[in-house]
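See below for the structure under consideration.
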Amino acid sequence: MQKVQFKQYNEGEVLLFPDRLDSTISENHLVRIINHTVNQLDLTFLISTYSGGGTTAYHPRFMYI
């Protein structure tokens with residue numbers, strides 16, 4: 001079985017415009033609660049079903065956001 005690798009998942013990723021993806025979202029916006037909830041999900045079983053191989057896959061958390 002090959003080691004599973006995902007494309008980088010980084011909410012604070014630096015972009016050209018704006019400097020940070022999350023900098024345009026207010027601190028009390030509903031999406032912050034959703035993001036926090038998704039980050040707390042146990043994806044162990046889902047990740048264990050990935051067989052790996054080929055190019056890096058998108059992280060499963062992208063499916064929830």
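Please enumerate the residues belonging to region 20-44 that are open to solvent by 80 Å² or more (accessible area, probe 1.4 Å), in a loop (DSSP other than H, G, I, E, B) and closer than 17 Å to TYR9 by Cα.
Residue satisfying the conditions is ASP42 alone.
In region 50-65, which residues are assigned to a helix (DSSP H, G or I), touching a residue at least 40 places away in the same chain (Cβ under 8 Å) and not hydrophobic (A, V, I, L, M, F, W, C)? Working first, answer last.
From region 50-65, those assigned to a helix (DSSP H, G or I) are 61-64; that's our starting set.
Going one step further and asking which of them are touching a residue at least 40 places away in the same chain (Cβ under 8 Å), we end up with 61-62.
Selection gives ARG61 alone.
Determine which single condition ILE47 fails, assuming it passes every other condition in (1) out of contact with any Phe, Trp or Tyr (no Cβ under 8 Å at 6 or more places or on another chain); (2) outside any helix (DSSP H, G or I); (3) at pLDDT 85 or above.
In the conditions (1) out of contact with any Phe, Trp or Tyr (no Cβ under 8 Å at 6 or more places or on another chain); (2) outside any helix (DSSP H, G or I); (3) at pLDDT 85 or above, ILE47 misses (2) alone.
The values are calculated or read from the model by the stated rules, or taken from the named source; none is laboratory data. The structure presented is a predicted model; accordingly, all values stated were derived computationally and were not measured. Don't worry about glycine lacking a Cβ; one is built from the backbone with ideal geometry, like all the others, and counts go over all protein chains shown. Ligands, DNA and RNA are excluded from the accessible area calculation, which covers all protein heavy atoms including side chains. Shrake-Rupley method; radii C 1.70, N 1.55, O 1.52, S 1.80 Å.
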